Structure formats: structure tokens, C-alpha cells
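Down below is the structure, laid out as C-alpha cells.
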Amino acid sequence: MATNISAADNTQITYTISFSEAQAHYADVEMKVSGLKQDILELKMPVWTPGSYLIREFEKNIESLSASTGGKVLAAKKNRKNIWQLNTAGITSVNVKYRVYAFEASVRTSFIDASHAFLSSPDIFIYPGNMLHASSTIHIKPYKGWASVSTSLEKVNGDPFTRYSPDFDILFDSPIEVGNQDVFGFDVGGVKYEMAMVGDGKYDKDRLTKDLPKIIEQEVAIFGENPNKHYTFIVHNAFKGGGGLEHLSSTTLGASREAYATEVGYQNFLSLAAHEHFHLWNVKRLRPIALGPFDYDNENYTTNLWIAEGFTAYYQDIIVRRTQLYSPENYLAILAEDINQLENTAGARVQTLAEASYDAWIKAYRPNENSGNTSISYYTKGSIIALLLDLEIINDSKGTSSLDDVMRYMYNEYYKTQKRGYTDTEFKQALEKFAGKNLDEFYARYINGLTPVAYNSYLAYAGYKLVNALADDNEAALGITQIPLIPRVIVATVQRGSAAWIDGINVNDEIITIDGEPVPEKGNLITGKKPGNKIEVGLIRDGLPMLLKVTLLKNTRVKYSFEELPNLTPQQFTVRRKWLTLK
């Protein structure tokens, strides 16, 4: 059988997307493939979307798939969860029709209703197997009243409703927004930026078009170039919005429509935008070697998500600080919150950073009630590791180099020159090149090991130290969290090593009494108690009443803030100025 990648060279692929029942959350897709020469054609649906490391089983939303040629029905045999097979012996073209149910509101999944359609391409477009390199044309027939399309895909003959993709990697990396989004833009260094605001929001266009270019300019300065001619921000404004997903020439952001009106909410949006836009280089071009070419059928494992996401999480706030939109004090407070988050996670003593990266597919995106006890965020710890390395490089180079130089070097060497991803060893070697020292011990402790982070050893380079406001407290803790927003005390999580953990309180237990007294629906359940006190907890488990004797332990939570060291040396001033962009 003649099935090879070169078959795509003479194949023409077109899609027509319509929305006959948008109100019921459906897209109707018609795919035409011509120029076929093989006996068997496989039709495949990606099972995940790059940037979000979870098998999402997009094929579950496909229904009514049919195939025909010249009016003759072709049997479409499903031979794997995401693959349909057609017998195309003697056939040069096929017409495939199917419907997609899209009602999962997130930045990584498609959502359609009567007001708009967000098409996250991997869960919309079935593609011909062995033809990832084939180009395609997408025709969009909007639902009634819809007037705009926002996407990074190029227009065909200036038609906004007809778009072109040079290959499927580009198509799967190009979300499409269709509806009546508020579209405005700005120019940064000759690159055109489009903001597509979906849903009402209390955003200030003038302020956004003034502040976002400052962030973009700072990021471009790190890498020395902007590889795009145009870039699209698709922003979904919702009652409770959040998150983002990076793409090669665009991003999708989730935002709270009310939050722009507060300074904290606005700064959070800038930080999110800075994060996803930084991915334009880090991940989308400079990437771990495992993340491209993509295998859309299976997990793509790497131990380097702490670089791909963690370093990006570090840069999202330091970049905003460089624009002077954050004060130094504001930035340090944000950094302290990240450190508190990591240090108050029991999983930090269980899962290494490399393991957190590798196991993202089975842990990070599938949290359960015990996740905080067994795992960490490679975003949070990765960003802290980036901080340590940045301070190390700045200090050792006496302020002449920083982590920026590592990122620029890696981008030029592996994306531009070698045109491939990097290995673990290659990134470590680049860090050592600019740190001027061997980092075996650093990696053994913080990347592949569980050594507590020696924050103050690194922060001292810039004349700071961490101070724990709770260090002298003698507060007792039960070690549970409650399910919120209900008028009952039901246990949501139990912290490893806590009193509740040791003495057997379980998730889903409903706590009724403490020492025979009814518990309050809100607030502290053990007010007035001290570490070492023994209490009797009355609870209901699986419908049955129980009494447990629990010995309270000291609250181990930390609450760090930054404090200046006295009598700073000229070297510490140099590091601080470089790190915090002080004028």
C-alpha cells in the first residue's frame, strides 16, 4: 500500500465549519480531501493539546461521522479510540462530515453557544494520518449575527472567514474565535498585535494598549527578536475566569470580567499576559527535545517542564517589574507568596522537580484530595529555581550576566542554529556556562532531590533575607481544610503529618462536635486550644457516627516576607540593581 508522508505533497484538504445548532453547542465540520493515492486512509483526532499535558480524549465529543466519494457512502471503521479507517483503493477524493459537541469552558477546550464559538483546534479538526505536513484551508460559516473571526491563521484573499494553515502543527496551534468579540490592537516594533475581548469586561483599552507593549518590549529584548509578524490575544472574560494557553503566534487567556477594575486584578492580568507571551520563545520555539515534533496520539514525556513552565512563571513577574508597572516592594511580595505556597505544600518533601515535570500527565492535571501531600507545582518550584539561578549568575558575573543570557543563548543555539529542542544536559551546560561553575550539586539538591531550598544563601547576594512572621507562634492545628460554601464542616483535605493525619480523620468526614460541643460552620474549630491538647472529635463517616481522640500539634505553616540585610556591600547593591531593574 502506498502510504507515506510524501502523499501529503499533492493532497488538498479543506474544512468547512458551520454552526447549525450553536445554541446546543455544536459545530458541523465538513472535510474534503483530494489527491489521494493510498489504498487506506486513516482519519485521526488528537487526544491532547500542546501546552496542556493531559490526555483529554477529544474524540469523545465526535458524533455522526460519515464519509463518501462521488455520492457513494464509504464505510468508516473505527480501529482505535481516535482513529477511523477508510478503504480508498481506486479513490482520489473523499468527503468526511462529523459534528463536534463543544461545551467545556476553558482556554484549552472548545466552547460554543449562541453568543460565540471558541474553537480549540485539536478538538475540532480530524486530520488524515501521515499527512501532518499537509496544508489546509478553513472556511467558516458563522452563526446568525456573528461578524468577526480572530485567529493567527492567515486570511485567504483577504477574507476573514477563510483561513490557511501550512501544516497541521500550525493548525493545532492556532485557536479560532468566532462571534462579536471586541477587537482592537497595537503595534510593537513592526509586529501587529490584536486583542480579541470576548464577553463584557471592565477593561480599559487605552491602559492595555499602553502597558502591554511595555511588557512585550522587555521580552523581545531578552531574545533579541520577535519571530512573528502578527500576534493575537484571545481573552475570555467570565464571572470567574483564569488561566492561559500558549500558542506559536497567539494565546488564549481567561480573565475575570470585574477584576480589571481593581489594581490587584489588573496586575494579575498583566502577569498572565506576560507569562503566555513569553512562551512565544520559551516552549513554542526554545523547547525540551521531547516536545516536538508532537505525537498527538500519546503522552509526550519530559523532565523539563520546570524550565518550560517554571522559568516562564518566574519571568512573568520580573518582566512586569522591569516595566516599572510593579514597584520593587510589590514584586517582592508576589515572590514571597510563591515561596509560601511551595513551603506550605507537604508534597515538597515527597516529589522532586524532575518528577513533577515527568508526571504532569498523571498528576498535575488530575489532582485529588491527596495531591498536596504527594506532589508540587513545577510552575511554582520551577520559578523559584529560576530565581536562585538568576541571582547566582548575576552575583558570580558581578552584574554583567543574568538568566536572560542563558535564555538568549539557548534560543539562538538550539532553535535558530540547530533547529531542534534541547536535552536536560544541554540546558544544564548552558546554565553552567553563565554561572561559571559546575551545577551537579545544585541539580542533585533541587532538581533531582528533596533538599530544602536555602533561600537566604541566594537572597543574600542581593542583600535580602526571608523572615517568617509565624516563627514564634504557638498555634495549634488540626491539619484539615473544609469543603467551602456549605453550612456543614466536611473535610476536603488532610495534611500529611498533621494531627488529623496521625489520629485518623478522613477526607469526607463530617465533623459534628469538638469535646461534645457543636462545631461552628465557619472559623476556627479549635479556638483556645494549644499544641499537645487532647480533644475528642465527633464525626459522621459513611453515615455512621464516630468519636476520635486527637492530639493537637503545632501549626507548621510559614508566612515569609522579605527583609533587607544591614550594611549592604557594593556587590550586593550591584546584584540588586541588576535583578530588580533599579534606576
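Values in this text are rule-based calculations from the coordinates and carry no lab data. From a predicted model like this one, the values you see are computed outputs, not experimental measurements. Every residue, glycine as well, gets a Cβ built from its backbone with ideal geometry; the counts of neighbours run over all protein chains shown.
With N set to the residue count of the stretch 476-554, report its C-alpha Rg divided by 2.2 N^0.38 Å to two decimal places. Can you show the working numbers first?
Details: Rg = 11.3 Å, N = 79, 2.2 N^0.38 = 11.6 Å.
Dividing the Cα Rg of the stretch 476-554 by 2.2 N^0.38 Å gives 0.97.
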Original post:
Given only helices, namely DSSP H runs of n ≥ 4 each adding -39500 (n - 2.57), what is the per-residue ellipticity at 222 nm of the chain, to the nearest 500 deg cm²/dmol?
Top reply: -7000 deg cm²/dmol
Original post:
Can you work out ³J(HN,Hα) from phi for every residue in the stretch 422-436, in order, using Karplus 6.51 cos²θ - 1.76 cosθ + 1.60 and θ = phi - 60°, giving whole Hz and x for Gly and Pro?
Top reply: 9, 8, 3, 5, 5, 5, 4, 4, 5, 4, 5, 4, 8, 7, x
Subject >> Inter-site label distance for ASP204 and GLN12 at 7 Å from Cα along Cβ, in nm >> reply: 5.2
Subject >> Cross-link pairs LYS81/LYS381; LYS32/LYS81; LYS32/LYS77 - those with Cα-Cα distance over 24 Å >> reply: LYS81/LYS381
Original post:
Hey, what do the phi angles of the stretch 463-475 turn into as Karplus ³J(HN,Hα) couplings, whole Hz, using 6.51/-1.76/1.60 and θ = phi - 60°, x for Gly and Pro?
Top reply: x, 10, 8, 8, 10, 8, 5, 9, 4, 9, 6, 10, 7
**OP:** Identify the residues of the stretch 468-483 with backbone N under 15 Å of a label point that sits 7 angstrom from the Cα of ASN533 along the Cα-to-Cβ direction, or state none.
**Re:** 474-479
Subject >> Computed E for ASN157/THR374 - FRET, C-beta separation, R0 35 angstrom, nearest 0.05 >> reply: 0.05
Subject >> P(r), alpha carbons of the chain - 10 Å bins starting at zero, rounded % >> reply: 3, 15, 23, 23, 19, 12, 4, 1, 0
Original post:
Counting only residues 5 or more places away or on other chains, whose amide H sits under 5 Å from the amide H of ARG287 once H atoms are built in the peptide plane?
Top reply: TYR422
Original post:
Straight-line reach from LYS534: which lysines have a Cα under 20 Å away, not including same-chain ones fewer than 8 places off?
Top reply: LYS549, LYS554
**OP:** Work out, step by step, the length gained on full extension between LYS81 and ILE486: first 0.36 nm times the residue separation, then minus their alpha carbon distance; give nm to one decimal.
**Re:** 141.9 nm
Subject >> Size-normalised alpha-carbon gyration radius of the stretch 181-280, reference 2.2 N^0.38 Å >> reply: 0.99
Original post:
Over what distance in Å are the Cα centres of the stretch 505-536 and the stretch 109-185 separated?
Top reply: 54
Original post:
Short version: ³J(HN,Hα) in whole Hz for each residue of the stretch 153-162, in order, from phi by Karplus 6.51 cos²θ - 1.76 cosθ + 1.60 (θ = phi - 60°), x for Gly and Pro, what are they?
Top reply: 5, 6, 6, 9, 6, x, 8, x, 9, 10
**OP:** Grab the Cα-Cα distance for ALA105 and ASP396, subtract it from 0.36 nm times how many residues apart they are, and report the gain in nm with one decimal.
**Re:** 100.1 nm
Original post:
Amide H of GLU57: which non-local residues (sequence gap of 5 or more, or other chain) have their own amide H closer than 5 Å, using H built in the peptide plane?
Top reply: none
**OP:** Quick one: go through the stretch 154-189 and flag any residue whose amide nitrogen is under 19 Å from the point 7 Å out along the Cα-to-Cβ line of HIS133.
**Re:** 165-173
**OP:** Report Rg(Cα)/(2.2 N^0.38 Å) for the stretch 242-378, keeping two decimals.
**Re:** 1.12
**OP:** Please work out the C-alpha center-to-center distance from the stretch 402-455 to the stretch 557-583 and express it in whole Å.
**Re:** 24
**OP:** Note the full-extension length gain between SER457 and LYS583 as 0.36 nm times their separation in residues minus their Cα-Cα distance, in nm to one decimal.
**Re:** 42.9 nm
